[in-house]
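Working notes, beginning with the structure itself.
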Amino acid sequence: MEAASAFSDKIKVAYGGTEFGMISFPDVDDPNKYNDFDCGTPTLGVEIKIVNTEHEGTIMPTGERGLILVKHVDSRVQLLNEPDATKALYTSDGFFRTGDIGKLTADGHLIVEGRGSDAISRGMYIFYPGWLETRIRRCPGVVDVAVVGVPDPVVGEELCACLLLESDDITVQSVQEFVEKDIVTSIDDPLSKNKTSRDISSWYV
């Protein structure tokens with residue numbers, strides 16, 4: 001956002017796919033007020049709903065994540081000579097299964113957090129790498145990061161952050177301290193010490 005705003009007065013963030021084209025978008029006038037992963041409101045003719053990942057008949061409350069389903073009044077995907085595969089793309093009420101995970105805000109903005117297939121199951125919580133990676137990249141000295149799940153005998157999968165650092169002067173401890181301050185201290189964050197039995201220092205870095 002900061003880079004694009006240097007040569008643009010307005011930035012358009014779009015969410016969509018080859019099946020439906022543009023699903024939603026916001027116009028960003030001030031990058032400093034942009035919220036991560038905010039994909040704006042639905043375009044004309046598009047309906048979006050967020051449902052439970054295990055029970056598609058259950059619509060998630062505002063602000064809670066789930067599977068993103070979309071319906072367009074003028075568009076429907078048909079796979080050539082694959083009627084069963086085409087049917088599997090849709091729910092019984094005609095919504096397309098995007099395979100993406102997200103939530104809707106109180107003002108109707110769609111927050112897209114990542115692909116459902118990328119989910120990491122840590123104990124009773126589900127994490128999406130993109131959300132964590134964006135925050136870890138804010139750590140001074142971190143050039144890039146990839147968060148993956150590794151097998152763990154206690155919680156099923158543990159979070160593993162693979163880092164590309166600017167120099168050897170950046171320590172694992174400094175990154176862990178940043179993560180604790182920037183992510184874990186939020187009471188609403190599923191990594192909060194108030195909600196998990198294992199300290200963030202159990203991360204693999």
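The values are calculated or read from the model by the stated rules, or taken from the named source; none is laboratory data. Here the structure is a predicted model, which means the values were calculated and not measured. Virtual Cβ from ideal backbone geometry, glycine too; neighbours counted across all protein chains shown. Quick note on the areas: whole protein, heavy atoms, side chains included, nothing else; ligands and nucleic acids left out. Shrake-Rupley method; radii C 1.70, N 1.55, O 1.52, S 1.80 Å.
General observations
- Qualifying GluC sites (Glu not before Pro) for region 128-171 [loop in DSSP, other Cβ within 10 Å: at most 12]: E166
- The phi torsions of region 3-20, fed into the Karplus equation with coefficients 6.51, -1.76 and 1.60 and a -60° offset, translate into couplings of 5, 5, 5, 5, 10, 9, 7, 9, 10, 10, 9, 10, 10, x, x, 5, 6, 10 Hz, rounded to whole numbers, with Gly and Pro shown as x.
- T134 paired with M1, simple spin-label distance in nm, labels 7 Å along Cα-to-beta-carbon: 0.8
- Taking amide H as placed 1.01 Å from N in the peptide plane, the amide H of C39 sits under 5 Å from that of L110, I111, V112, each at least 5 places away or on another chain.
- More than 23 angstrom apart: percent of Cα pairs within region 1-92: 40
- With one equal scatterer per alpha carbon and no solvent term, the Debye-computed log10 I(q)/I(0) for region 36-145 at 0.10, 0.20 1/Å reads -0.35, -1.12.
- With every protein chain in place, the chain: carbon and sulfur % of accessible area (1.4 Å): 51
- Average accessible surface for the chain: 58 Å² per residue, computed with a 1.4 Å probe over protein heavy atoms with every protein chain in place.
- P(r) of region 1-50 over all Cα-Cα pairs, binned every 5 Å from zero, in whole percent: 5, 19, 28, 20, 14, 10, 3, 0
- For region 36-46, 3J(HN,Hα) computed residue by residue from phi via the Karplus equation (6.51, -1.76, 1.60; θ = phi - 60°) reads 3, 6, 6, 10, x, 9, x, 6, 4, x, 9 Hz, glycine and proline entered as x.
- Inter-centroid distance (Cα atoms) of region 30-83 relative to region 100-135, Å: 13
- Rounded to the nearest 20 debye, the dipole size of region 15-58 about its Cα centre is 60 debye, using +1 on the Cβ of Lys and Arg and -1 on the Cβ of Asp and Glu.
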